[in-house]
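The values are calculated or read from the model by the stated rules, or taken from the named source; none is laboratory data. Only a predicted model underlies this, so the values are computations on that prediction, with no experimental measurement involved. Reconstructed Cβ throughout: ideal geometry from the backbone, glycine too, with neighbour counts over all protein chains shown.
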Amino acid sequence: MNDTALFRGMDRTALDAAYNNSAAVKDSPQWLDKWRARSAKAREAQGALFDIPYAREERTKFDYFPSGKKNAPLLVFIHGGYWVRNSRDMFSFLATGPNAHGIDYVSAGYTLAPQASITQIAGEIQSCLNFLSGHGEELGYDDRQIFVSGWSAGGHLAALMAAHPAVRGTLPISGIFDLEPLSLNYINESLHFTPDEVKTLSPYRTLRQGLAPQRLVAGGNELPELQRQTRDFAQAARALGLKATDAILPGHHHFSIMDELAEPGGLITRELLTLIAETPANKN
């Protein structure tokens, strides 16, 4: 039976639909195909480095796209796909926006569920940041200016990384900040969230003093639950005195919103520039 209210008055059927971004955007497969094509072209960029391992697993690697500016700030991007699909190479096209402003770009990979738990995935991203925080001089970026972004599930991971000592700020895009509703719908069939993971790996539930500044964005045509999660998380962060902003971008759905980071003049690119300008470099 699906008629029992599980979360915010929604039964299982409604809760599944509330978080099914692919079903909500009928041409989502075409969007992914376009990203792959744009990323293939972006990977022809001079100076780009691929498949740099930060740990020992098959997918624990990153691709690095330098801007050409010496000691540039670094944006680390974490891909989405509800932790179960997609890959870092699909998001190479996003380097264009940051690179145009002298910001180096990394697309980070991680082991997918169900092979990895959400605990392992979060740990892998922490390991990636540990690696990047110690290799700035070697690769050419300023490892005192590391910023983290991510889309969808990657937005969840980006928000978690606001607690990492090397991270100066985060830019979650269409993120998930409370895992509870996903622990009750179809997503959990692959993730198998434990109660402890919902508690300790939900950014909304782990807000505390000392986190890096965060600028959150979501699309005005996104599923209402995605927009709510963004607003609620930012509001809760501000209530604790943390630096957090939220912007709902009119006209964008879950996939079209990424153009706003890929374009040098995009709205998310501007959010990134503001985040960097307002955040001093780490003193390490």
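For the stretch 196-215, a tally of residues being farther than 17 Å from LYS243 by Cα, in contact (Cβ under 8 Å) with a residue 12 or more places away in the chain and more than 16 Å from the chain's Cα centre (by Cα) returns 2.
Please note which helices (runs of 4 or more DSSP H) are completely contained in the stretch 1-47 and include at least 3 residues that are surrounded by 13 or more Cβ atoms within 10 Å (Cβ to Cβ) and touching an Asp or Glu at 6+ places or on another chain (Cβ under 9 Å).
Working: elements: 12-18, 21-24, 28-42.
Here the list reads 12-18, 28-42.
Counted as qualifying within the stretch 187-265 are the helices (runs of 4 or more DSSP H) with 3 or more residues that are hydrophobic (A, V, I, L, M, F, W, C), namely 224-239. Among residues of the stretch 235-284 being free of Cβ contacts under 8 Å to residues at least 12 places away in the same chain and among the aliphatic types (A, V, I, L, M), the one that is nearest to PRO29 (Cα to Cα) is ALA277.
Quick one: is ALA45 at pLDDT 95 or above and within 20 Å of SER87 (Cα to Cα)? Can you show your working first?
On the way: at pLDDT 95 or above: no; within 20 Å of SER87 (Cα to Cα): yes.
Taking the combined requirement at face value, the residue does not satisfy it.
Specify the residue that is surrounded by the most Cβ atoms within 10 Å (Cβ to Cβ); the eligible residues are those in the stretch 85-119 that are of a type in the set (Val, Ile, Thr) and in a helix (DSSP H, G or I). Taking the candidates together, the pick is ILE118.
Annotation: GLY134 fulfils all but one of (1) among the small types (Gly, Ala, Ser); (2) in contact (Cβ under 8 Å) with a residue 60 or more places away in the chain; (3) assigned to a loop (DSSP other than H, G, I, E, B); the unmet one is (2). Looking only at the stretch 135-165, residues that are out of contact with any helix residue (DSSP H, G or I) (no Cβ under 7 Å at 6 or more places or on another chain) and of a type in the set (Asp, Glu) come to 2 in all. Selection of the stretch 125-161 for residues being over 27 Å from LYS70 (Cβ atoms) and surrounded by fewer than 24 Cβ atoms within 10 Å (Cβ to Cβ) yields only GLN126.
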